[in-house]
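Undergrad: Handing you this structure, nothing more for now.
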Amino acid sequence: MSNITGNEIIHQYLRHNKKFPHVLCAGCGHGIVLGTLIRSIHSLGIPKDDVVVVAGIGCSGRLAVYVDFNTVHTTHGRALSFATGIKMSNSHLHVIALMGDGDALSIGGNHLIHAARRNIGVTAMILNNSIYGMTGGQSSPATPEGSTTMTNPYGQLDHSFDIVELARGAGANYVARGTVFHVNQLEKIMVEALERPGFSLVEAVTPCHTQFGRKNKYKTPVDMYKWLKSTAIPLERYNELPEDKRAGRMPIGVFVDRGRPGYEERYYAMQENFLKQAAKGAGR
Ligand SMILES: Cc1ncc(C[n+]2csc(CCOP(=O)(O)OP(=O)(O)O)c2C)c(N)n1
Ligand code: SF4
């Protein structure tokens, strides 16, 4: 058994001589998500050159800059469009789209539902910190109703999207939710998401104390991690709770695992079939 530590594994995958120090606030959960992603790629033994990380814009989008894979730091809300093109032209690659909740659900919401509907073989990770972190704490479509933000100082009126239900309804092949407090489970989920064909979506709930927490009674990172600990509940236990005990609890685990083939696989099979038929026709 190797004596290599988790940190040493992560170090092998970072552009540590070029892109550091990083821009994230101390205590931000985004780095934990990146660490779990790296460890899951490492544990699956996927060569670095076979991985493409595509990111949108935001604190979450910065993560692509730090990792030594093929990386594309794209435009806000368009990570899935770039990822779709990359997967269609190089279907052997593991294409991972990293997006913030603002990036994925607001400006990128249309791409999200259609990537799920199409079932393109991309692993989408939404780093849900309930807020637009990078631009100063505006409400996102995942901001919980009633919470305070820079753009909703009297409380958020809109209902927030349930990312899991959105992805399930749009047809995603694999849908799971984890948190950066429950890091071992999150890593297990990421491994499964990377292994599955078709469109996989992982919602990684991660704290932003700087923009969300300080306006919502979670001033420090520790307050936010305690909140994650007390709110999250395994899906199986959540399902056993009576309806009146479910309010304020956030189920975590695997919600959808359908095993459908990815779009690219079906597309290339159709193309091959067409070429065979055409060749038969030409021979007549
Ligand atoms: C087309 C376009 N619109 C708006 C912006 C400004 N912008 C940059 S990051 C961002 C929001 C980021 O929030 P989120 O996606 O939730 O990521 P986080 O920073 O919280 O990780 C916005 C609105 C932009 N860069 N491009
Ligand atoms: S603003 Fe929030 S999301 Fe951005 S780096 Fe700081 S804690 Fe993380």
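The values are calculated or read from the model by the stated rules, or taken from the named source; none is laboratory data. Only a predicted model underlies this, so the values are computations on that prediction, with no experimental measurement involved. With ideal geometry, Cβ positions are generated from the backbone for all residues, glycine too; neighbour counts draw on all protein chains shown. Side chains are part of the model used for accessible areas, which takes the heavy atoms of the whole protein and leaves out ligands, DNA and RNA. Shrake-Rupley method; radii C 1.70, N 1.55, O 1.52, S 1.80 Å.
Undergrad: Considering only residues that are within 16 Å of ligand 2 (Cβ to nearest atom), open to solvent by less than 50 Å² (accessible area, probe 1.4 Å) and either among the basic types (Lys, Arg) or assigned to a loop (DSSP other than H, G, I, E, B) (or both), which ones fall in segment 110-140?
TA: ASN129, SER130, GLY133, GLY136, GLY137, SER140
Undergrad: Residues being in contact (Cβ under 8 Å) with a residue 40 or more places away in the chain, more than 8 Å from ligand 1 (Cβ to nearest atom) and polar (S, T, N, Q): count how many of those fall in segment 129-142.
TA: 1
Undergrad: Also, quick follow-up: I'd like the full set of residues that are of a type outside the set (Lys, Arg) and either more than 16 Å from ligand 1 (Cβ to nearest atom) or in contact with a strand residue (DSSP E or B) (Cβ under 7 Å, 6 or more places away or on another chain) (or both), limited to segment 9-24.
TA: The answer is ILE9, ILE10, HIS11, GLN12, TYR13, LEU14, HIS16, ASN17, PHE20, PRO21.
Undergrad: Could I ask something else about it? Working carefully through the options VAL95, VAL65, VAL33, find the one that is farther than 29 Å from LYS226 by Cβ, within 16 Å of ligand 2 (Cβ to nearest atom) and not acidic (Asp, Glu).
TA: VAL65
Undergrad: Can I ask one more? Is at least one residue of segment 179-186 within 16 Å of ligand 1 (Cβ to nearest atom), crowded, with 22+ Cβ neighbours inside 10 Å and in a loop (DSSP other than H, G, I, E, B)?
TA: yes
Undergrad: Check segment 202-223 and report whether any residue there is more than 16 Å from ligand 1 (Cβ to nearest atom) and within 27 Å of GLY171 (Cα to Cα).
TA: Among the residues of segment 202-223, not one is more than 16 Å from ligand 1 (Cβ to nearest atom) and within 27 Å of GLY171 (Cα to Cα), which makes the answer no.
Undergrad: Do the conditions hold for VAL33, that is, is it aliphatic (A, V, I, L, M), in contact with a helix residue (DSSP H, G or I) (Cβ under 9 Å, 6 or more places away or on another chain) and either more than 27 Å from PRO261 (Cβ to Cβ) or part of a loop (DSSP other than H, G, I, E, B) (or both)?
TA: The answer is yes for VAL33.
Undergrad: OK, next. The conditions are (1) without any contact (Cβ under 8 Å) to a residue 60 or more places away in the chain; (2) out of contact with any His (no Cβ under 7 Å at 6 or more places or on another chain); (3) of a type in the set (Gly, Ala, Ser), and GLY198 fails exactly one of them. Which is it?
TA: Tallying (1) without any contact (Cβ under 8 Å) to a residue 60 or more places away in the chain; (2) out of contact with any His (no Cβ under 7 Å at 6 or more places or on another chain); (3) of a type in the set (Gly, Ala, Ser), GLY198 fails exactly one: (1).
Undergrad: Moving on to the next point. With away from ligand 2 (no atom under 16 Å from the Cβ), open to solvent by less than 10 Å² (accessible area, probe 1.4 Å) and outside any helix (DSSP H, G or I) as the only criterion, which of ALA193, ALA204, ALA167, ALA176 stands out?
TA: Answer to the selection: ALA176.
Undergrad: A further question follows. Out of everything in segment 246-284 that is within 20 Å of GLU165 (Cα to Cα) and among the basic types (Lys, Arg), what residue ends up being most open to solvent (accessible area, probe 1.4 Å)?
TA: In this case the residue turns out to be ARG260.
Undergrad: (1) crowded, with 20+ Cβ neighbours inside 10 Å; (2) within 16 Å of ligand 1 (Cβ to nearest atom); (3) without any contact (Cβ under 8 Å) to a residue 60 or more places away in the chain: which one isn't true of GLY58, the others all being true?
TA: Of everything listed in (1) crowded, with 20+ Cβ neighbours inside 10 Å; (2) within 16 Å of ligand 1 (Cβ to nearest atom); (3) without any contact (Cβ under 8 Å) to a residue 60 or more places away in the chain, GLY58 misses just condition (3).
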